[in-house]
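The values are calculated or read from the model by the stated rules, or taken from the named source; none is laboratory data. Just so it is clear, the model here is predicted, and its values are computed rather than measured. Using ideal geometry, Cβ is built from the backbone for each residue, glycine included, and neighbour counts are taken over all protein chains shown. Accessible surface is based on the protein model in full, side chains and every heavy atom, while ligands, DNA and RNA are left aside. Shrake-Rupley method; radii C 1.70, N 1.55, O 1.52, S 1.80 Å.
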Amino acid sequence: MAASALLIISTTVPAAAFASTTTPDGSYVSGVVREATFGSGAQTYVVTAASAVDVSRDSYGITDPPLPPPPPVMVAGTGEDGRDYAYNAAAAGAVQWPFPEGSPISSGFGARQVANCGFCSTFHQGLDFVPGSGTQIHAIAAGTVKTVSGPGGAFGYHAEVEHVIDGQKIVSTYSHMQAGSVTVKVGDTLAAGDVVGKVGSTGNSTGAHLHFEVHVGGVPVDPMMWMLAHAA
């Protein structure tokens with residue numbers, strides 16, 4: 001009987017117990033119950049020592065993904081000479097294309113026939129770009145201006161820049177430039193991308209274009225093939 005009485009007392013009226021709850025502001029509170037009274041379906045408790053416990057929430061944020069690099073300026077198409085051309089005009093390196101924004105090509109290197117043009121060559125030694133009259137022309141590589149001429153002659157306003165690339169002496173030429181647009185003089189030192197002049201139609205020309213040549217060891221080579229091999 002005594003044991004039963006003690007069991008009833010200990011399970012119905014504890015002298016002290018632990019309790020916890022969540023307050024209206026969301027804090028988690030724990031403490032010691034000093035007194036608990038059980039009546040007709042109601043209960044009360046008094047907390048003698050309570051402390052607020054921070055409940056850490058999962059933190060998160062929203063960030064924009066990094067933007068992909070801009071696509072290269074690819075120029076592709078068929079020139080007036082029937083050849084297909086494609087190149088990465090925006091490639092940046094020691095050797096660059098004369099039009100980083102891209103340009104159509106109307107005529108390539110080699111044998112050709114131009115109808116109704118008595119002064120046009122039957123073997124074209126350069127590459128003809130047609131980006132539009134007044135478009136800026138850029139030096140393809142660092143070098144020194146070797147020649148500036150015009151307006152007379154077949155090339156009209158014309159400039160030549162001498163470079164040393166892969167241990168070889170290279171000369172790039174820029175012809176038919178717009179009158180008054182040439183920005184260089186003999187002896188000037190240029191960096192790749194410096195402006196040489198603007199596209200024009202001076203000299204023996206049937207329309208605004210840049211006639212561009214590359215000479216290796218004094219001999220004209222196919223500028224398209226050479227540029228594709230050297231422009232980054």
Checklist line | Separation in nanometres of the label points that stand 7 Å from Cα toward Cβ, at R83 and S106 | finding: 1.6
Checklist line | Spacing of the two label points (7 Å from each Cα toward its C-beta) at Q168 and S133, in nm | finding: 3.7
Notebook entry, point to check: How much of the accessible area of segment 145-185, probe 1.4 Å, is carbon plus sulfur, in whole percent?
Noted result: 52
Next item on the list: For every other residue with a beta carbon closer than 12 angstrom to the beta carbon of L190, add +1 if it is Lys or Arg and -1 if Asp or Glu, then tell me the sum.
Entry: -2
